[in-house]
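Novice: Encoded as C-alpha cells, here's the structure I'll be asking about.
The values are calculated or read from the model by the stated rules, or taken from the named source; none is laboratory data. Since this is a predicted model, take the numbers as computed values, not measurements. Because the Cβ atoms are built from the backbone with ideal geometry, glycine has one as well, and the counts that use them run over all protein chains shown.
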Amino acid sequence: MAKNLVIVESPAKWKTIEKFLWPDYKVVASMWHIRDLPVKTLWIDIENGFAPDYGITDEKKKTVDGLKKLAKECGEIWIATDEDREWEAIGWHLCHTLNVNPATTKRIVFHEITKKAITHAIEHPRTIDLNLVDAQQARRILDRLVWYKVSPVLWKKIRKWLSAGRVQSVAVKLIVEKEREILAFKPEESWKISVELSYGNFKFISVLSKISWKVKTFKSKEEVEKLLSVLYDDLNSLKESKNKKDNLELSIFWDIEFVLVDSIKKDSKRSPWAPFTTSTLQQEASRKFGFWVKQTMMIAQKLYEGMELWNNERQGLITYMRTDSLNLSEQAKIQAKEVIEKDFWKTYHKDRDYKTKSAWAQEAHEAIRPTDLSRTPESLVSILDATQLKLYTLIWKRTLASQMSDAVVEVTTFSFSPTKAQNQLWITKWEVIKFDWFMKLYIESTDDENEDLEEDGWVLPDIELWEKIIWKWIKWTQNFSRPPSRYTEASLVKKLESEGIGRPSTYAPTISTIIDRWYIEKVNKKHLAPTEVAYTVNDFLQEYFKDMMDYKFTSKVESEFDDIATWKETYVSMLDRFWNSSLKKDLEHAGDNAEKVIEKVWKACPKCSSELIYRHSKNGKFIGCSAYPECDFIDQPEWEKDALADLRKKYEWKPCPDGIEWTIVVKTGRFWPFLASSEYPKVKWIGKIKDDKEEILENLLKEKWLLVDNETGEELVLKNSKRWQFLAAKNYPAVKIAKNIPKDIWDELNKRLEEKNALEEEKKEV
C-alpha cells in the first residue's frame, strides 16, 4: 500500500507525474475545484468580514469520498497543484475537505513536468501559501459581489438574464469604444505618386517624397494636376481609370530624365523577440495560425501536462503556460546554446536576458519554453496532432531565436530629381538582409492589417551621383485613410495586458464569456464586434457604475490582489474598501435613479395604436406592444424577416428527403431556424441549415467521392465529436464504419474559405 498520496488537479497531469515517482507514491486527480460558492445565492456574509460559505457540489461528492478514503489509507499527503493563486486555493480547499492542516501539509510546486523537476520538488516541499489563497479568495468574492449584485440591476432596468462582471464588462467596453471609433471615422483623401525608373535592364519604383526639401502631401486631384503641369507642357495623354477599390488612378507614359542626387547605405540591427509569455503566445498563435485564445490555452495545457513519447515514456513538453515572466533558466540557456551551435554556427548564438516592461508581471515562473530544446519539432511529428505540432514548433523556434545574434539589414536610400524640377525628391528605399542570424529561424507576425509590406531580397544597382535615369511612366493613386481595425482575440489580449486588466490565467475565460453571453460576436470569423445589447449594457454601466468600468480602477484592483498575495494588505480590508466606497453606493444610486431602458420601434401598434417596443425572450428579440398584457400583438423585426426570406429562397420547394411528395420548408425554432418537411410535424424529417464551412466541406467530399465507403458501398455522412468532424455511416455507431477526413481536404477547405472571405471583403470595399 502506498504511504504517500500526491493530489494534482487534472488526470493528464497525474498520468505523467506518476511515472516519475517511486512505488510508495500514489497520484490522484481532484478534477480541479472540489468546493466552491453555491450557485443560486450570494453565499457571502458581507457584515461578518465577507466570509464565504463554501460547499461541495453534487458532481464532486463521489470524488471527495474517494479522496477521503485514500487519505486515511496513506500516511502523508502532498498537494501538487499548479503554482498560481487559483491552484494554490484548490490545494487549500483540499486540505480543509480532507481535514488536514494546511500549515503542515506538504506542498510541492514545479514549472515543468519532467523527472528532474518532480524529484527536485519532492526534495524541497513547502506548505500552503495562505497569502496566495487570500488573494484568490479576494478575487473570487469580489467577482461574486459584482455578478450577484450588479446583474439583477440589469435584469430590472434592461432585461432578464443579462450579466455584469468586473473584467468582462470592461473588456466589452473596449470593444464598444473601438466600434464607435470606427463608426465616427471620416476618411481623408490622399494621393501616392510613384514613377517607374529604368536603369539598363533594371526597373524599380520611386515615390515622390519632398518638394523644396519639405515633405509634401497631396490632398486632391487638383493638387496632383498642378504638379503635373510642372513636368508636362501637354496633359492630353493623361489617362484616368479606377482600381479595384474604386479609387481614381492617373497615369502617363513619357521618357523624362531623372538624376541621382543622393545615395545612402547603412546597416541596421534587428534584435530577436523575447520568449513567450501567456499573452504573447496567445497573440502570435492567433496571428500565425488563426487559433482562438481558448484553443491556444487548451493545446498548451496538453503539451504542459505531458504526452506519451517513445518506449512508453511520458513527458511534459513545455513549461507552465500561465506566466507573464520573460526569464529563462540557466539550464535552458545552456541547452539553447548547444542546439544553436550544433544546427547553425557559433556566430548565431548570443546569450540574452529579458526583463518584462509590465508593471504587473509576476517573475516567479519562467517564460514558456520547451522542457527539452534538443527535442525538435521534427522528432515529434508522429506524437503530436497538427495543432499541437504547430504550437510546439512556434514555442521551440521562439525560444531558440531569443538566444540568437542580432540580424543585420542593409538599408539603401536613393534620392532622384527630374531634370525639369530639381526641387523634387523621389525616394527609393530598399532593405536587404546581410546577416540573417535569428531571422533565419523566426520572424514575428504583425497585428496591423493596414501595414504595407515592403519587398526585399534583391539589391539595387550601383548608380553614380548625378547619373541620368529614364522614367517610363508615372502614376498617381488616390487613397483614403482607413478606419482603425476591430479587435481580434489576439489584439484584445494585448490591450487588456497593456491596461493591466486581468492576468494571464483570465484572458481566455474572459473572451469566451463575452462571446458565449452574446455581448460580442465574431465578424468574418476573426474580428470582434459588439452586439446591439452590448451598447445598451455598456452605456448603462458607464453611467451608474463608473468606478467598476474605469480602466485605471480595474487595474488598481488587480495590483491590490498582488498586495494581498505579498501580505501588504488583508483581503478583508481590500474588499471592505471596494464595497463601501464604491459598489454599495453605485448600487443604491442605480436602484433609486436609473429608469428602465425601453427600445422603441417608432411605430404604432396595428391592433390598439399604442407604441411598439422591442422585447426579449428566451427565443430572442421580438416586437411587442407597450400596452401588454392588455394588447398581445407581437411581430418579427425586419432584419429577421429579411434573413428568413433569404433562407426560404435558398432551401424551399426542394424535395423532402423523407418522401418525394413533400417539399422542404424553413421553420423558426426556439434558438434558430431549421429545415423541415412541408407536412411537419406529421412527417418527422428535420434538417440543419449549414454555414459556409459545412457547405464547402460537403461539396469537397462529393467532388472527391468520399461520401461512399469503397469497401462496403455504405453511404457516409459528416459526424461531429467534441474535438473534430469525421465521416461515418448514417447509422453509426450501430454500423461501425468511421474514418478521418484526409488532411488535403482540410487544406483545400481553408483555401476556399480564404478565397470566399477575400471576395466578400473586396465586394464590401467596392
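Novice: Just one of Lys693, Lys596, Lys650, Lys682 is outside any loop (DSSP other than H, G, I, E, B) and surrounded by fewer than 15 Cβ atoms within 10 Å (Cβ to Cβ); which is it?
Specialist: Of Lys693, Lys596, Lys650, Lys682, the one residue that is outside any loop (DSSP other than H, G, I, E, B) and surrounded by fewer than 15 Cβ atoms within 10 Å (Cβ to Cβ) is Lys650.
Novice: Another one. For segment 157-205, how many residues are over 32 Å from the mean Cα position of the chain (by Cα) and in a loop (DSSP other than H, G, I, E, B)?
Specialist: 2
Novice: Every residue in segment 292-305 that is part of a loop (DSSP other than H, G, I, E, B) and crowded, with 24+ Cβ neighbours inside 10 Å, please.
Specialist: Once the filter is applied, which keeps residues that are part of a loop (DSSP other than H, G, I, E, B) and crowded, with 24+ Cβ neighbours inside 10 Å, segment 292-305 yields nothing.
Novice: Could you figure out which of (1) under 29 Å from the mean Cα position of the chain (by Cα); (2) in a loop (DSSP other than H, G, I, E, B) isn't true of Asn710?
Specialist: (1)
Novice: Further question: Can you say whether Phe414 is modelled with pLDDT of 90 or more, touching a strand residue (DSSP E or B) at 6+ places or on another chain (Cβ under 8 Å) and buried (at least 18 other Cβ atoms within 10 Å of the Cβ), as far as the supplied structure shows?
Specialist: When the stated conditions are applied, Phe414 passes them.
Novice: Restricting attention to segment 111-127, does a residue exist that is without any contact (Cβ under 8 Å) to a residue 60 or more places away in the chain, of a type outside the set (D, E, K, R) and either touching an Asp or Glu at 6+ places or on another chain (Cβ under 7 Å) or more than 30 Å from Ile368 (Cβ to Cβ) (or both)?
Specialist: No, the conditions are met nowhere in segment 111-127.
Novice: Does segment 605-613 include one or more residues that are in a strand (DSSP E or B) and farther than 26 Å from Asp539 by Cβ?
Specialist: no
Novice: While we're here: Testing Gln331 on (1) surrounded by fewer than 16 Cβ atoms within 10 Å (Cβ to Cβ); (2) in contact with a strand residue (DSSP E or B) (Cβ under 8 Å, 6 or more places away or on another chain), one condition comes back false. Which one is that?
Specialist: Looking at each condition in turn, Gln331 falls short on (2).
Novice: A follow-up question, please. Confirm whether Trp87 is among the aromatic types (Phe, Trp, Tyr) and within 29 Å of Pro125 (Cα to Cα).
Specialist: Considered against the rule, which asks whether it is among the aromatic types (Phe, Trp, Tyr) and within 29 Å of Pro125 (Cα to Cα), Trp87 comes out as yes.
Novice: If you scan segment 391-406, which residues turn out to be touching a Leu at 6+ places or on another chain (Cβ under 9 Å) and not β-branched (Val, Ile, Thr)?
Specialist: Leu391, Tyr392, Leu394, Trp396, Lys397, Arg398, Leu400, Ala401, Ser402, Gln403, Met404, listed by residue number.
Novice: Sticking with this structure for a sec: Hey, among Leu644, Leu587, which residue is at pLDDT 95 or above and within 34 Å of the chain's Cα centre (by Cα)?
Specialist: Just a single option satisfies the conditions, and that option is Leu587.
Novice: Starting from residues that are touching a residue at least 60 places away in the same chain (Cβ under 8 Å) and either of a type in the set (Lys, Arg) or surrounded by 15 or more Cβ atoms within 10 Å (Cβ to Cβ) (or both), keep the ones in segment 56-75 and report whichever is farthest from Val8 (Cα to Cα).
Specialist: For segment 56-75, the residue satisfying everything is Cys74.
Novice: Within segment 312-329, identify whether any single residue is more than 30 Å from Gly502 (Cα to Cα) and touching a helix residue (DSSP H, G or I) at 6+ places or on another chain (Cβ under 9 Å), and answer yes or no.
Specialist: Among the residues of segment 312-329, at least one is more than 30 Å from Gly502 (Cα to Cα) and touching a helix residue (DSSP H, G or I) at 6+ places or on another chain (Cβ under 9 Å), which makes the answer yes.
Novice: Please verify whether Asp255 is assigned to a strand (DSSP E or B) and not assigned by TED's automatic domain parsing to the domain that holds Lys333, treating the condition exactly as stated.
Specialist: yes
Novice: Consider Lys266 against the criteria (1) loosely packed, with under 11 Cβ neighbours inside 10 Å; (2) without any contact (Cβ under 8 Å) to a residue 24 or more places away in the chain: it satisfies all of them except one. Which criterion is unmet?
Specialist: The single condition Lys266 does not satisfy is (2).
Novice: Is segment 244-266 home to any residue that is modelled with pLDDT of 90 or more, farther than 30 Å from Val8 by Cα, polar (S, T, N, Q) and more than 40 Å from the chain's Cα centre (by Cα)?
Specialist: Within segment 244-266, one or more residues are modelled with pLDDT of 90 or more, farther than 30 Å from Val8 by Cα, polar (S, T, N, Q) and more than 40 Å from the chain's Cα centre (by Cα).
Novice: Okay, moving on. Name the residue, out of Arg159, Arg126, Arg140, that is charged (D, E, K, R), surrounded by fewer than 21 Cβ atoms within 10 Å (Cβ to Cβ), under 24 Å from Val537 (Cβ atoms) and touching a strand residue (DSSP E or B) at 6+ places or on another chain (Cβ under 6 Å).
Specialist: None of the others qualify; the one that does is Arg159.
Novice: Just to be sure, is Val572 in a helix (DSSP H, G or I) and over 30 Å from the mean Cα position of the chain (by Cα)?
Specialist: Here the answer is yes, as Val572 does meet what is asked.
Novice: Tell me the residue from Met1, Met31 that is of a type outside the set (Asp, Glu), over 31 Å from the mean Cα position of the chain (by Cα), more than 30 Å from Phe578 (Cα to Cα) and modelled with pLDDT under 95, please.
Specialist: Met1
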